[in-house]
Amino acid sequence: MIAFLRDLVRTPSLSCQEGAVAARVADEMRAVGFRDVAMDRIGNVVGHLGRGGGPVLLFDGHMDTVGVSDPSAWRRDPFGGEIESGVLYGLGACDMKGALAAMVYAGKLLMDNHVQLKGDLVVACVVQEEPCEGLAVRVLIEEEGIRPDWVVLGEPSSMNIARGQRGRIEFNVTAYGRACHASQPELGENAIYAASRLIFGVELLSGNLNHDRFLGPGSVAVTEIQAQAGSRNVVPDRCSFIIDRRLTLGENESRALAEVQSVIARERVRAEVKVTQYGSTSFTGYQASQYSYFPAWVTDENHFLVKALERAVREELGARPKMSQFPFSTDGTYTAGIADIPTVGLGPGDEKLAHTVDDQVRLEDVANAAQVYSRLATILLSGK
């Protein structure tokens, strides 16, 4: 399992460029004994265990990683897969190649222990989760026809049970001005100045957003800004910026949109706001498109799936796990938030290290995750 994980970390797999790591995952699944291993139209790698004809448990993990923005900031080679004192370092080790290895080897544990599954365990290693969570698993369910009864997300959770997350929506706001020569700015309307007033208004929204006792408060952040002008000596007539809005329970698309529209109205700026649209071409050639709205979700702490996972952790690791929520967005936005499939998360790795130059995972946690995943499959699919 460790050798497999090192190969995964050493194989770059940026979003839409997951082909090499997908081939490696498929080879490993076949080697350990999964049946019907295949790559679907968008590039997800899917393997099955069990006799079918019963409930379906889906293990969901993504193969893609974010990029390396500044290689000199890394103390270790981000693609080295170095191991020191029981910790593996490298891009994606925490988020979330450690869980991918654990999910595949959970299947091997089940086979080695001759567990008879009355249903199917499906391990899905998906693509493009980083830029557009929920996209690839939606393709798997809606277009490939896999219908799970339960979903387990392997995102890093410090081996605690994550039973929900805030949602998110991405807005593009465009403020309009009137171009003129920069030597006579009074003759025009500077769109950057207009946008800056809106950005300040958006910042002021932070103190008035909903707060859920479990998921916490909603949040808002401006994450990108661009201006358009004929040259640097022209007052720009257009300035656009991106808003990342995190949605807690009680917040939705229409409410978040109305908040931004109220800022535009109050500032009396000529501007428009719209939800962005994600578009991409998978390494398989699949043309993907998705509206950038991802709802919040929570699975009740007394739900059968949560209790089963809690039991699996207790039986395998001898400790009661903490209940928590993911601080970031996951494929649960689709499986739980849209498809209404019971969903829960547990994975190796400290979530605070995801997307950092200290990306790492403890090998003991990867092994523990494999044991917990296999125990959960035994509980849910064999009744033991």
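Cβ under 12 Å from R163's Cβ, R163 left aside: what net charge do those residues give with Lys, Arg +1 and Asp, Glu -1?
Here the count lands on -1.
Please turn the phi angles of segment 328-345 into ³J(HN,Hα) values with the Karplus equation 6.51 cos²θ - 1.76 cosθ + 1.60 (θ = phi - 60°), one per residue in order, whole Hz, x for glycine and proline.
10, 8, 9, 5, x, 4, 8, 4, 9, x, 10, 7, 6, 9, x, 9, 8, x
Calculate one ³J(HN,Hα) per residue across segment 171-187 by plugging θ = phi - 60° into the Karplus curve 6.51 cos²θ - 1.76 cosθ + 1.60, and present them in order as whole Hz with x for glycine and proline.
Once θ is set to phi - 60°, the couplings for segment 171-187 become 10, 10, 10, 10, 9, 10, x, 9, 6, 7, 5, 5, 6, 9, x, 5, 7 Hz.
For the pair F79 and R178, what calculated FRET efficiency results from E = 1/(1 + (r/R0)^6), where r is the Cβ-Cβ distance and R0 = 45 Å, to the nearest 0.05?
Efficiency, from the Cβ-Cβ distance: 0.35.
Please build a GNM for the chain, connecting alpha carbons under 10 Å apart, and tell me which residue among D36, D120, D358 fluctuates the most.
Among D36, D120, D358, the largest mean-square fluctuation in the Gaussian network model of the chain belongs to D36.
Can you list residues whose amide H is under 5 Å from A339's amide H, if they're 5+ apart or on another chain and H is modeled 1.01 Å from N?
Distant-sequence amide H within range of A339: zero hits.
Go through segment 278-288 residue by residue and turn each phi into a ³J(HN,Hα) via Karplus (6.51, -1.76, 1.60, θ = phi - 60°); whole Hz please, and just put x for glycine and proline.
7, x, 7, 10, 5, 4, 8, x, 5, 8, 10
Among the DSSP beta bridges whose two residues both lie in the chain, what percent are antiparallel, rounded to the nearest 5?
So the antiparallel bridges in the chain amount to around 75 percent.
Lys and Arg at +1, Asp and Glu at -1: add these up for the other residues within a Cβ distance under 14 Å of G119 and post the number.
That works out to +3.
Which of G134, G43, G201 ends up with the largest GNM mean-square fluctuation for the chain, with Cα atoms connected below 10 Å?
Fluctuation is largest for G201.
How much of the accessible area of the chain, in percent, comes from carbon and sulfur atoms when a 1.4 Å probe is used?
Solvent-exposed carbon and sulfur of the chain make up 47 percent of the total.
Note the angle between two axes, namely the Cα long axis of helix 304-317 and the longest principal axis of the Cα atoms of the chain, as a number of degrees from 0 to 90, rounded to the nearest 10.
Result, in degrees: 60.
Tell me the relative contact order for segment 170-248 as a rounded percent, counting alpha carbon contacts under 8 Å between residues six or more apart.
Across segment 170-248, relative contact order equals 43 percent.
Would you kindly work out the equivalent ellipsoid of segment 1-41 from its C-alpha gyration tensor and give its semi-axes, the square roots of five times the eigenvalues, largest first in whole Å?
18, 15, 5
Tell me which lysines have Cα within less than 21 Å of K97's Cα, excluding those fewer than 8 residues away on the same chain?
Result set, ordered by chain and number: K108, K352.
Taking K and R as +1 and D and E as -1, what net charge do the other residues with C-beta under 13 Å from the C-beta of A23 add up to?
-2
With a 1.4 Å probe and all protein chains left in place, how much accessible area per residue does segment 275-384 have, in Å²?
42 Å²
How much mean residue ellipticity at 222 nm does the chain get from its helices, if each DSSP H run of length 4 or more adds -39500 (n - 2.57) and you divide by all residues, to the nearest 500 deg cm²/dmol?
-9000 deg cm²/dmol
If I build a Gaussian network model for the chain, linking alpha-carbon pairs within less than 10 angstrom, which residue out of D331, D350, D27 has the largest mean-square fluctuation?
Residue with maximal mean-square fluctuation among D331, D350, D27: D27.
For segment 15-169, what relative contact order do you get, as a whole percent, if you take Cα pairs closer than 8 Å and at least 6 residues apart?
35 percent
Quick one: which residues, 5+ away or cross-chain, put their amide H under 5 Å from the amide H of V220? H built at 1.01 Å from N.
For V220, the qualifying residues are R246.
Specify which labelled value, from [x] 12; [y] 6; [z] 19, agrees with percent of Cα pairs over 41 Å apart derived from the coordinates of the model shown.
Here percent of Cα pairs over 41 Å apart agrees with entry [z].
The values are calculated or read from the model by the stated rules, or taken from the named source; none is laboratory data. Keep in mind that this is a model prediction, so the values were computed, not measured. Methodologically, a virtual Cβ is constructed for each residue, glycine included, from the backbone with ideal geometry; neighbour enumeration extends over all protein chains shown. Only protein heavy atoms, including side chains, enter the accessible area calculation; ligands, DNA and RNA are left aside. Shrake-Rupley method; radii C 1.70, N 1.55, O 1.52, S 1.80 Å.
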